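Peer 1: Dumping the structure here so I can ask a few things about it.
Nothing in this text is a laboratory measurement; each read-out follows from the coordinates by a stated rule. Worth saying up front: this structure is predicted, and the values here are computed from it rather than measured. Cβ sites come from the backbone with ideal geometry, for glycine too, and all protein chains shown count toward neighbours.
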Amino acid sequence: MPEPSLLLLIPAYNEEARIEPVLRGYAEYFRDRYQGKYQIVVIMNGCRDNTMAVVERMSQEFHSISYRNFPAPIGKGGALIEGLKLAPLADVIGYVDADGATPPSAVLQLLQHLKSGDCVIGSRWLPGAILHKSQTRLRRITSRTFHTIVEALFWMGIKDTQCPCKVIRRDVVEKIHPTLRLADLSFDVNLLVSIKRAGYQIEEVPIEWTDMIGSKVTSSLFRSSFTMFLSVVRLRLVYSPFYKWLKPLRPLEALIYKKLRAPQPLEVRNGDRPKS
Ligand SMILES: Nc1nc2c(ncn2[C@@H]2O[C@H](COP(=O)(O)OP(=O)(O)O)[C@@H](O)[C@H]2O)c(=O)[nH]1
Ligand SMILES: [Mg+2]
């Protein structure tokens, strides 16, 4: 059977210093090792540095690389929600970070696991994961606390919701896309909850990972973590019977996200609300 065609999304915000070797590494690896069709699409929004010029140059060097730019501050989640609209372009859609924390071989490994499945995600917390350089202690504590909260709210039994290396079958993406709302870094939780609630399986696979310097999350850890906490509570409420009573709180919510300088969750359009 031929290899599935792959659309690999890379969200990028102010990545001029990190993205070039990563794009080169992915493009060369897939050119040399992947039998199927593939394309890499960088999704930027309002970068204040020279990322756009770097990505433009790489797209000229490698025909497999292209990009989209959204001037508004839509966040990493917002960028991925936009990117996932390109799902009809391929059989499988994946995404990885722009900093090269996961090597291209990890994506190929996930693709091999996806053969008969719906969604396969990398995990840094399963036995067999290779952590070349792990995150700082404070980051690890925050990450494990977030994990505990997510598990208490959604009972998904997933060890690492936040690992930015995931591959999903196209029809799964198309089915759940209207229920994607969270634009900040908790987007992954929204994605996984939607996939599970639609009745699909998620397989977690131990992955190779290197923590990279220059993280935007670590540099605003408190603010990012608080936003993520608010967002997952909000996501839980969307699935609760109380959700309709909370509408009057919208302006307050908008104010809080603004104060946190975080991207607003997308509005639920009529008829899009997931069944509780
Ligand atoms: N498009 C877009 N990408 C973002 C935004 N914030 C973070 N990213 C990307 O999300 C990925 C993860 O960010 P990073 O700072 O490496 O976080 P960490 O690895 O979790 O510490 C990187 O590819 C960033 O460029 C954003 O607001 N918009
Ligand atoms: Mg990173």
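Peer 1: Pairs of Cα atoms under 8 Å, at least six residues apart: use those to get the relative contact order of region 6-259, whole percent.
Peer 2: Taking the mean separation of contacting Cα pairs over the length of region 6-259, I get 22 percent.
Peer 1: Taking N as the number of residues in the chain, what is its Cα Rg relative to 2.2 N^0.38 Å? Kindly include the intermediate steps, with their values, before the conclusion.
Peer 2: Details: Rg = 17.9 Å, N = 276, 2.2 N^0.38 = 18.6 Å.
For the chain, the normalised Cα radius of gyration comes out at 0.96.
Peer 1: Now for a separate question. Neighbour counts of other C-beta atoms within 10 Å: give me LEU235, LEU138 arranged from fewest to most.
Peer 2: Values: LEU235 22, LEU138 10.
Fewest to most other Cβ atoms nearby, the residues stand as LEU138, LEU235.
Peer 1: Work out from phi, with θ = phi - 60° and the Karplus expression 6.51 cos²θ - 1.76 cosθ + 1.60, the ³J(HN,Hα) of each residue of region 70-84, listed in order in whole Hz, and give x for Gly and Pro.
Peer 2: These are the phi-based 3J(HN,Hα) values: 10, x, 6, x, 8, x, 5, x, x, 5, 6, 4, 5, x, 5 Hz.
Peer 1: Output ³J(HN,Hα) for region 157-164: one whole-Hz value per residue in order, computed from phi by the Karplus curve 6.51 cos²θ - 1.76 cosθ + 1.60 with θ = phi - 60°, and x for Gly and Pro.
Peer 2: So the J values, rounded to whole Hz, are x, 9, 6, 9, 6, 8, 4, x.
Peer 1: Size of the dipole of the chain about the Cα centre, Lys and Arg at +1 and Asp and Glu at -1 on the beta carbon, nothing else charged, in debye to 20?
Peer 2: So the magnitude is around 1120 debye.
Peer 1: Quick one: SER224, SER215, fewest Cβ neighbours within 10 Å first, how do they rank?
Peer 2: Ascending number of Cβ neighbours within 10 Å: SER215, SER224.
Peer 1: Now a separate question. Extending each Cα 7 Å along its Cβ direction at MET52 and HIS132, get the distance between those two points in nm, one decimal.
Peer 2: About 3.1 nm separates the two model spin labels.
Peer 1: Let me ask something additional. Name the residues whose placed amide hydrogens come within less than 5 Å of the amide hydrogen of CYS165, ignoring near sequence neighbours (fewer than 5 apart) on the same chain.
Peer 2: So CYS165 has HN proximity to GLY122.
Peer 1: Given ALA27, LEU180, TRP125, which one lies farthest toward the positive end of the charge dipole of the chain, if we put +1 on the Cβ of every Lys and Arg and -1 on the Cβ of every Asp and Glu?
Peer 2: After comparing all options, I get LEU180.
Peer 1: Using 1/(1 + (r/R0)^6) with R0 = 25 angstrom and r between the beta carbons of ARG223 and ARG68, what's the FRET efficiency to the nearest 0.05?
Peer 2: Computed FRET efficiency for ARG223 and ARG68: 0.40.
Peer 1: Continuing with the same structure: Amide H neighbours of LEU8 under 5 Å, counting only residues 5+ apart in sequence or on other chains, H built in-plane at 1.01 Å?
Peer 2: Amide H to amide H, under 5 Å and 5 or more residues apart or across chains, LEU8 pairs with GLN39, ILE40, VAL41, GLY94.
Peer 1: Which one of ALA254, TYR95, THR142 is farthest out on the positive end of the charge dipole of the chain, using unit charges on Cβ (Lys, Arg +1; Asp, Glu -1) and the Cα centre as origin?
Peer 2: ALA254
Peer 1: For TRP125, TRP209, TRP155, what ranking results if the residue with the fewest other Cβ atoms within 10 Å of its Cβ goes first?
Peer 2: Final ranking by Cβ density, sparse to dense: TRP155, TRP125, TRP209.
Peer 1: Determine the alpha carbon to alpha carbon distance for each of LYS115/LYS196; LYS159/LYS244; LYS175/LYS259; LYS166/LYS244 and list only those over 28 Å.
Peer 2: Numbers: LYS115/LYS196 18 Å; LYS159/LYS244 31 Å; LYS175/LYS259 33 Å; LYS166/LYS244 32 Å.
Result: LYS159/LYS244; LYS175/LYS259; LYS166/LYS244 exceed 28 Å.
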